Each structure stands twice: as structure tokens, then as C-alpha cells.
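The values are calculated or read from the model by the stated rules, or taken from the named source; none is laboratory data. Note that the structure is predicted; figures quoted are calculated from it, not measured. Here the Cβ positions follow ideal geometry from the backbone for every residue, glycine too, while neighbour counts run over all protein chains shown.
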Amino acid sequence: MKFTKLTTAVAAAVAATLALTACGSDDTASPEVASTSFADGTTMAKLQSAGKITIGTKYDQPLFGLAGPDGTPEGFDVEIGKIIAAKLGIDAGKIEWTETVSQNREPFIENGNVDIVIATYTINDKRKEVIDFAGPYYIAGQSFLVAKGNPAGITSPETVGDNKVCTVTGSTSEANIKETVPADQVITVDKYSDCLEPIRTGEAQALTTDNVILAGLVDQTGDEFEVVDSTFTEEPYGIGLKKGDDDFRTFINDTLEQSFEDGSWAKAWEATAGKVLPTPDPPTVDRY
């Protein structure tokens, strides 16, 4: 199958960066704080000695990183951050969360505004020219949102048939779906949420984009819609960190792999994105 990179981010427009210390979501328990010691001079030792870590995440991505009622971010990315902090000996309450958007993730890492970024952050070669990635910790992909019960039976581009699909004008999602579905069956709008009404009225039978965005829309709209259990593109989400910090990258990769094995990764998923999406198998960490 051909895999095509797709846009992952929900559109974000922010003028300022917010930083705060958070205690975490009420739906999840903080991971047990480890008592590991680290070699002098490593990033791990410095963070442990400081007793805090600054993590960049999104504040507008439902189920992955979304500011809660008190401004504290909640979601799967946030829970992954807590797991990493705990392995450094840092309590979740000592994490300093900094809002990041797609445009400032690399600069924040390069300039030291944050120690790591966990923000639906796709690993790709262009970004690896200026930063490093640990992970992936999740593989996203383009999918379909449909009416509850999936009356049209759409599970892939090949099963669209004569039905109509809605997506955003000029998006990679539009280009991807038009590789298989005729252009006259694709309805385009300005925002993904604008596709919901056409599905309600029967003008369209599905919305297509990143399954994470779709899951967030489902989470916000009650019991009207569902996300089909398949994807047709592949997008690995990684944890961004300063380029050349190989020891820190190895530590984060080790921590991720341990979370896959001990169940803490699955627990974090089920308490957040798993409210809408089924629990996937953990991905294979790429130790490039």
C-alpha cells in the first residue's frame, strides 16, 4: 500500500506561549516515581537534580493534548510525558507544561524553551535535520468518520463506492482521498467540523482526515458519529528533543519500550484517546 504523509494538526492560532505546572487529568493516576540514578553530566541527571522537566504539548488537540477547564493540558501526549518524567524521578506535579503549536516545536527545542516536545509530532527526515526524535509511541493515519453504525459501510477509500466524502480544502487529506475517489464525490469545506452537518443531512456519508482529529470530533459530539477501525496512510508520532543528545534519546526510547511491556502505555491510551479509538498494538521504536 502506498503511504502518504498527511497533515496531523488541528489548526492552531495562538499569539503567546503559556507555561504552568500541572497535577494531571482526574481520569488517570500519576505513574510511580522511580529512584534511578544517572551518570553525571547527562540530561537525565540534570533534570533529576532540578526536580522538574519542561514539556511542550498542544492545548487544542482533543484526546491528545487539550487544555482542561483549569488550563491544565490533558490527553494521551500528556500521559506519555508523565511516564517519562516518572522515570526521571520527577513527580507529575513538577512537570512544567508549555503550549506548543506546529510552527514552533523545532525552535522551542533548539532554543531550550522546552526539554522535550510531545505534541502529535510526526517523525520525518526534514525535522530530523534540526532535532532528534525518540519513538514512535503511536502511529496515526488517515481514516473516516461516519454516522453511528456506519450505514454506508465505508471502511477504506476502495469501499466508498458512489458515496460522497467530505474533507478540508487544500489539505493533504483531500489529495490522498482523490487518489482513489473521483473528485466529484469529494466535498471540501474550510474546517473539518464543517463536514459534520453534511453527514447529518445525508449530503455526505463520511469525513476523512487523520484518525486523531476524527476521534477528537467524535469525543466532542456525543453519540452521533464513530471512527472506522482502519487507516490508509501512516504517520509516526515521536518525542522531539535536542539534536545530538543520544543518551537522552536512548533513555526515552527505553522508557517507551518499558511502558509498552508493563501496560502503562495501554493504560494511558485507554484513559484518553481510547475513549473513542480502539487500543492499538504499541509501535516498534526506531533507534536510528
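Out of the range 206-259, which residues are in a strand (DSSP E or B) and within 18 Å of the chain's Cα centre (by Cα)? Those that are in a strand (DSSP E or B) and within 18 Å of the chain's Cα centre (by Cα): Thr208, Thr209, Asp210, Val227, Glu235, Pro236, Tyr237, Gly238, Ile239, Gly240, Leu241.
Every listed requirement among (1) part of a loop (DSSP other than H, G, I, E, B); (2) surrounded by fewer than 17 Cβ atoms within 10 Å (Cβ to Cβ) is met by Asp194 save one, (1).
Among the residues making up the range 98-121, those that are surrounded by fewer than 19 Cβ atoms within 10 Å (Cβ to Cβ) and assigned to a helix (DSSP H, G or I) are Ser102, Gln103, Pro107, Glu110.
Within the range 227-261, being surrounded by fewer than 17 Cβ atoms within 10 Å (Cβ to Cβ), over 30 Å from Ser156 (Cβ atoms) and not charged (D, E, K, R) holds for Gly244, Thr250, Gln258.
Here Val168 fulfils each of the conditions (1) farther than 30 Å from Lys87 by Cα; (2) surrounded by 22 or more Cβ atoms within 10 Å (Cβ to Cβ); (3) modelled with pLDDT of 90 or more apart from (3).
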